[in-house]
Amino acid sequence: MSERFDDVVRNAFDFLGRSIDELEQHPKYSVIHFYSAIELFVKARLLKEHWALTVAKPEQADRTKFQRGDFQSVGLREANERLAKIAADGLLEEELKCFDGLRQERNQMVHFAHASQGDGAVAAKELDRIVSDHAKGWLYLRRLLSGRWKDHFDAHAEKISELDLRMREQTKSLERKFMLLTDDISAARGAGRHFMGCPSCGFESFEVSELVWIGLAKCLTCGYASVVVTLNCVNEECGKSILIDDAYECCRLCDHVYSPAVVEALIENESLIEFQRPHDVDRSAWANCGECEGYESAAHLKTGEWFCTECFSLFDEDEIDACEWCGSLTSALPEESMISGCYQCGGYMGHVGDKD
Ligand SMILES: [Zn+2]
Ligand SMILES: [Zn+2]
Ligand SMILES: [Zn+2]
Ligand SMILES: [Zn+2]
């Protein structure tokens, strides 16, 4: 089935290329094709697990029909659920939310005339919004293809970089919008506020609170918002002020590769942000993350927040609780944790189940 996988991936690249070509003249088709590309990449990843999983009803999967392309394929949410449950390799919540938003946008385009069509200020504004949405969608997609899903898409690395260049080129059309903000940004800079290059659109309008910091940052040009780590690059030869918005991101200036372990070490020795050391030895300073199911991957920061070095989730103080069954600190704890436990222990039910 590997030839099928390559077919699907090639098709996905084709749709992505189309989406870029059509943006100016036919924004409606650009939106439709962009989402088709995303869905195909997710399906391709699922196909790597088993071809029958890409069929809407796997119990009715028929190999001959599948090879003919005569089948109803799975939708985005269902595909993600299968990836998460079967391959433990699903989308992060923010990725699913972004892709699903693009799906809804696609549906609107299919059924209704769209504001982006035509001339005038309204259409120009709509076009900026589409460019911003696509830049963000591509950021998440590229991060998957060359990060967490790298092993599966490695053979297509060249094509991925080629499209990355084209997408970046497309995003430059937001310059108009950025230029309108430059005076405000200079004034804000003068008042001590900090702006860095936006991971999504590339413009220097991504506002961070501090230059060595962990928190939620937002771009004034494209609206992209993300929890980021700002720091001086750990590669001594570089050492520049940078930000990373994903645990496996590279320094954009020197290509130094980051990882949860690097960020964890920076937090532990407080060269990044003050860490809340436990006074009580029984209380751990690291909690489990229910978002990515990371084991003791969330650090307790001096601000009271918890930050997961695996998935870059930031939790408020009250979002982390101790499991009533096993005592470990975790986010996303179910209500009756004595009964159902946390995802690490399974609680009383898991305990009884194990005895059978
Ligand atoms: Zn931006
Ligand atoms: Zn660097
Ligand atoms: Zn996490
Ligand atoms: Zn537990």
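The values are calculated or read from the model by the stated rules, or taken from the named source; none is laboratory data. In this text, all values refer to a predicted model and were calculated from it rather than measured experimentally. Glycine gets a Cβ as well: all are built from the backbone with ideal geometry, and neighbour counts include every protein chain shown. Side chains are part of the model used for accessible areas, which takes the heavy atoms of the whole protein and leaves out ligands, DNA and RNA. Shrake-Rupley method; radii C 1.70, N 1.55, O 1.52, S 1.80 Å.
Percent antiparallel among DSSP beta bridges with both residues in the chain, to the nearest 5?
Expressed as a percentage, antiparallel bridges in the chain total about 95.
Based on the Cα atoms of the stretch 194-258, what semi-axes does the equivalent ellipsoid have, where each is the square root of 5 times one gyration tensor eigenvalue, given in whole Å with the largest first?
Semi-axis lengths for the stretch 194-258 are 19, 11, 11 Å.
What's the percent breakdown of Cα-Cα distances in the stretch 232-356 across 5 Å bins, shortest bin first?
Answer for the stretch 232-356: a P(r) of 2, 11, 18, 19, 16, 12, 9, 6, 4, 2, 1, 0 percent.
With a 1.4 Å probe and every protein chain left in place, work out the accessible area per residue of the chain in Å², rounded to a whole number.
52 Å²
Would you mind telling me which residue in 165, 83, 301 has the biggest mean-square fluctuation in a Gaussian network model of the chain, where springs connect alpha carbons within a distance under 10 angstrom?
Comparing 165, 83, 301 in the GNM, the peak value goes to 165.
Round to a whole number: what % of the accessible area of the stretch 178-245 belongs to carbon and sulfur, probe 1.4 Å?
Of all accessible area on the stretch 178-245, carbon and sulfur atoms account for 49 percent.
How many lysine pairs are close in the stretch 57-189, with Cα atoms under 15 Å apart and the two 8 or more places apart or on different chains?
6
If each residue of separation counts as 0.36 nm, what is the full-extension length gain between residue 259 and residue 57 once their alpha-carbon separation is subtracted?
That works out to 69.0 nm of additional length.
Per residue of the stretch 21-35, what does 6.51 cos²θ - 1.76 cosθ + 1.60 with θ = phi - 60° give for ³J(HN,Hα)? Whole Hz please, x for Gly and Pro, Karplus curve as stated.
With the stated coefficients, the stretch 21-35 comes to 4, 8, 3, 5, 7, 9, x, 4, 6, 4, 5, 4, 6, 4, 5 Hz.
Convert each backbone phi in the stretch 338-351 into a coupling constant with the Karplus relation 6.51 cos²θ - 1.76 cosθ + 1.60 (shift: θ = phi - 60°), then list the ³J(HN,Hα) values in order as whole Hz, x for Gly and Pro.
So the Karplus estimates, Gly and Pro as x, are 5, 7, 9, x, 9, 5, 7, 10, x, x, 4, 4, x, 5 Hz.
Give me the percent of accessible area attributable to carbon and sulfur for the stretch 68-137, probe 1.4 angstrom.
Here it works out to 49 percent.
In nm, give the distance between the simple-model label positions of residue 250 and residue 218, each being 7 Å from the Cα along the Cα-to-Cβ direction.
Output for this residue pair reads 3.1 nm.
Of the chain, which part is the longest with no GluC sites (Glu not before Pro) in a loop (DSSP not H, G, I, E, B) and with at most 14 other C-beta atoms within 10 angstrom?
25-209
Given the C-alpha centroids of the stretch 284-356 and the stretch 95-131, what is the distance between them in whole angstrom?
38 Å
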